[in-house]
Amino acid sequence: MQSRNVNLQRENNLKITETNLTIMMEFVLLGFADIPQFHWFLFGGFLVIYLIILLGNGIIILITKVDATLQTPMYFFLGNFSFLEICYVSVTLPRMLMDLWTQKGTISFLTCATQMCFFLMLGVTECLLLAVMAYDRYVAICNPLHYPLVMNHKVCVQLVVASWISGFPVQIGLTCQIFSLPFCGSNHINHFFCDIPPLLKLACGDIFENELVVYIFAVLFVTLPFLLILGFYVRIITTILKVPSKTGRTKAFSTCSSHIIVVLLFYGSATVTYVKPKSNQYEGIDKLLSLFYTILTPTFNPMIYSLRNKDVRKAMRKFLLKLSAL
């Protein structure tokens, strides 16, 4: 009788273990589950936004490739940045659209890890590429005579490649570390994609070391590029203010203004999201800010660069005239 009870206990333990294992093999993205009445409205809105991002950034990529007047380092970087924006938003937005359509947020453990890994890699690439674009403006304004030599095509390609691949090993390692944590509580992620802060809230035990690694990662790949951008623009503004001609100062500022706006939009929302105090009362604000730097900023970028840049506007008009003539 005692032996039978022991066997039953073992079977029950095995069932509990299997149940826990099943739970940990998948997560549920809550997304906008708290406002189900707006699901179809959100689906339509985000679908339009996604198409605008694809179209706007796609046009910028195309015109920077085919228009002879835009064959300069600045527009080479802009074309790469637009391609990066398409990749960056495609990591989160299609999945969110699918969840809104099906009204199911279930995501497998592996898919969640893959999404977070690519999100981190592309986010780091954006930080580094924004720093490269600031360096390009720094050389163009502060060392104009050496600009063609310093920013030759080979150097530009090397800078872009370095921006894309520099963070890959670290992001893969960070993702592996996050997903090796024990998740023993709820498997519901109160977010619309797999991001570090909401995932850490589901982890069990002491996660101080993991949080420390995340902060080190943020300093290396987010804070340092931002400080570089800040340093470049301090030098740029100092140089511009020394220009005697008002027209010259205005022209110099206009070549930097679009980039400055994009940097402020991206870094401002991302910094507030990851630096502010942790509390459940901020979860709604977290999602709103995440929407801003993952979706809305890529939507604004083509508008910012086209509406504030005469060369891009002119190239777009030429391109649209050629299309209408076909």
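The values are calculated or read from the model by the stated rules, or taken from the named source; none is laboratory data. Note that the coordinates shown come from a computational prediction; the quantities given were computed from them, not determined experimentally. Glycine also receives a Cβ, built like all others from the backbone with ideal geometry; neighbour counts cover every protein chain displayed. These area figures cover heavy atoms from the full protein model, side chains too; ligands, DNA and RNA do not enter into them. Shrake-Rupley method; radii C 1.70, N 1.55, O 1.52, S 1.80 Å.
Screening region 110-119 for residues that are touching a helix residue (DSSP H, G or I) at 6+ places or on another chain (Cβ under 6 Å) and open to solvent by 10 Å² or more (accessible area, probe 1.4 Å) and picking the one that is nearest to Ser290 (Cα to Cα) gives Cys117. When region 159-193 is limited to residues that are under 15 Å from the mean Cα position of the chain (by Cα) and buried (at least 21 other Cβ atoms within 10 Å of the Cβ), the one that is farthest from Gly31 (Cα to Cα) turns out to be Ser163.
Checked against (1) open to solvent by less than 90 Å² (accessible area, probe 1.4 Å); (2) at pLDDT 85 or above; (3) within 16 Å of Tyr75 (Cβ to Cβ); (4) not β-branched (Val, Ile, Thr), Met316 meets all criteria but (2). Is it the case that Tyr274 is modelled with pLDDT under 85 and within 14 Å of the chain's Cα centre (by Cα)? Here the answer is yes, as Tyr274 does meet what is asked.
Close Cβ contacts (under 7 Å, 6 or more residues apart or on different chains) running from residues in region 32-44 that are without any contact (Cβ under 8 Å) to a residue 60 or more places away in the chain to residues that are surrounded by 12 or more Cβ atoms within 10 Å (Cβ to Cβ) and part of a helix (DSSP H, G or I) comprise Leu42/Leu100; Phe43/Leu97; Phe43/Leu100; Phe43/Trp101. Identification of helices (runs of 4 or more DSSP H) wholly contained in region 173-278 with 1 or more residues that are touching a residue at least 12 places away in the same chain (Cβ under 8 Å) and over 25 Å from Thr294 (Cβ atoms) yields 224-241, 246-275. A single entry from Ser257, Ser306, Ser245 fulfils the requirement of being polar (S, T, N, Q), at pLDDT below 85, open to solvent by 50 Å² or more (accessible area, probe 1.4 Å) and farther than 24 Å from Phe192 by Cβ: Ser245. For region 287-302, a tally of residues being closer than 15 Å to Met96 by Cα, out of contact with any Ser or Thr (no Cβ under 7 Å at 6 or more places or on another chain) and either among the acidic types (Asp, Glu) or open to solvent by less than 10 Å² (accessible area, probe 1.4 Å) (or both) returns 1. The numbered conditions (1) free of Cβ contacts under 8 Å to residues at least 40 places away in the same chain; (2) surrounded by 20 or more Cβ atoms within 10 Å (Cβ to Cβ) are all true for Met98 except (2).
Do we find a residue being among the aromatic types (Phe, Trp, Tyr) and touching a Cys at 6+ places or on another chain (Cβ under 9 Å) anywhere in region 112-120? Yes: one or more hits.
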